[in-house]
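K.L.:
My structure is below; once you've seen it, I'll send some questions.
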């Protein structure tokens, strides 16, 4: 099974501290410095494990999906996909439980997911829906959607989750023509279109007033607050999105430093 590379600000920090702690050139420094460096490393490296251990256990269906996603050879199979995909895109245990809790606590019945990947987040959110709830998931990649569909069947949620394959904006336009309104929208797709997606959601009234729009990767490996010279195209896009949302009068939001940053925003007007 593939060892996932660090992709969150916290996991990147932990890896950098680990490298420093094991750097032979630092062996000549004072014992006190090495002791403090080790303490800082332990402070950083223990957090994710502690969060996992103290979050409600994931069901077997999600644990199995997580393993399958990590085992899949996305790199060798890359030429077959419409977009860049990697195992690190999986939402994972803690974020999945966070999403499920939000759905359940807000008593949401209608969910729209923009960017499903292999279905971990979709299954997590659907588990928080009432019996008559529905989740529509947009996914551009057919192979990722096929993995998701198999896992959805395994979880017994095929009556709650509907998958639509194709570019997300095309799907949003089709949905808006049906006059559908959602209680909860989760955005985790191509970063360059985050602003376009949310603007269209608001313009088309796809999110009800009082509904939540949750957006993933809004810290993007720390690029949004580090030196802009080092920002990738995606990091630049996310920074612009965060600025847009902060000035969007129809929304109120908070960025939560969970994994790679999760923004929870409420439509207030």
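The values are calculated or read from the model by the stated rules, or taken from the named source; none is laboratory data. Keep in mind that what you see is a predicted model, and the values were worked out from it rather than measured. In this analysis, Cβ positions are derived from the backbone assuming ideal geometry, glycine residues included, and neighbour counts consider all displayed protein chains.
K.L.:
Output the residues belonging to segment 1-56 that are farther than 23 Å from residue 216 by Cα and in contact (Cβ under 8 Å) with a residue 60 or more places away in the chain.
P.N.:
1
K.L.:
Can you name the condition, by its number, that residue 63 falls short on among (1) at pLDDT 95 or above; (2) surrounded by fewer than 21 Cβ atoms within 10 Å (Cβ to Cβ); (3) not in a helix (DSSP H, G or I)?
P.N.:
(3)
K.L.:
Specify which of the listed residues (126, 60, 137) is without any contact (Cβ under 8 Å) to a residue 24 or more places away in the chain and over 21 Å from residue 9 (Cα atoms).
P.N.:
It is 60.
K.L.:
Taking residue 221, is it surrounded by 17 or more Cβ atoms within 10 Å (Cβ to Cβ) and on the phi > 0 side of the Ramachandran plot?
P.N.:
Yes.
K.L.:
If residue 105 passes every condition in (1) on the phi < 0 side of the Ramachandran plot; (2) assigned by TED's automatic domain parsing to the domain that holds residue 132; (3) surrounded by 11 or more Cβ atoms within 10 Å (Cβ to Cβ) but one, which one does it miss?
P.N.:
Result: residue 105 passes all but (3).
K.L.:
Condition test on residue 225, is it farther than 17 Å from residue 114 by Cα, assigned to a loop (DSSP other than H, G, I, E, B), in the same structural domain as residue 116 (by TED's automatic domain parsing) and out of contact with any strand residue (DSSP E or B) (no Cβ under 7 Å at 6 or more places or on another chain)?
P.N.:
It is true that residue 225 is farther than 17 Å from residue 114 by Cα, assigned to a loop (DSSP other than H, G, I, E, B), in the same structural domain as residue 116 (by TED's automatic domain parsing) and out of contact with any strand residue (DSSP E or B) (no Cβ under 7 Å at 6 or more places or on another chain).
K.L.:
Next question. In segment 185-222, what residues are assigned to a loop (DSSP other than H, G, I, E, B) and either within 13 Å of residue 115 (Cβ to Cβ) or modelled with pLDDT under 95 (or both)?
P.N.:
Passing the criteria: 188, 189, 190, 217.
K.L.:
Which residue is surrounded by the fewest Cβ atoms within 10 Å (Cβ to Cβ), if the candidates are limited to segment 182-203 and must be touching a helix residue (DSSP H, G or I) at 6+ places or on another chain (Cβ under 7 Å) and more than 19 Å from residue 247 (Cα to Cα)?
P.N.:
Restricting to residues being touching a helix residue (DSSP H, G or I) at 6+ places or on another chain (Cβ under 7 Å) and more than 19 Å from residue 247 (Cα to Cα), the top hit is 188.
Table: residues versus (1) out of contact with any helix residue (DSSP H, G or I) (no Cβ under 9 Å at 6 or more places or on another chain); (2) in the same structural domain as residue 213 (by TED's automatic domain parsing); (3) surrounded by 20 or more Cβ atoms within 10 Å (Cβ to Cβ).
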| residue | (1), (2), (3) |
| --- | --- |
| 111 | no, yes, yes |
| 115 | no, yes, yes |
| 119 | no, yes, yes |
| 131 | yes, yes, no |
| 138 | no, yes, yes |
| 155 | no, yes, yes |
| 158 | no, yes, no |
| 176 | no, yes, no |
| 180 | yes, yes, no |
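K.L.:
Report whether or not residue 57 is over 30 Å from residue 122 (Cα atoms) and either over 21 Å from the mean Cα position of the chain (by Cα) or not in a helix (DSSP H, G or I) (or both).
P.N.:
no
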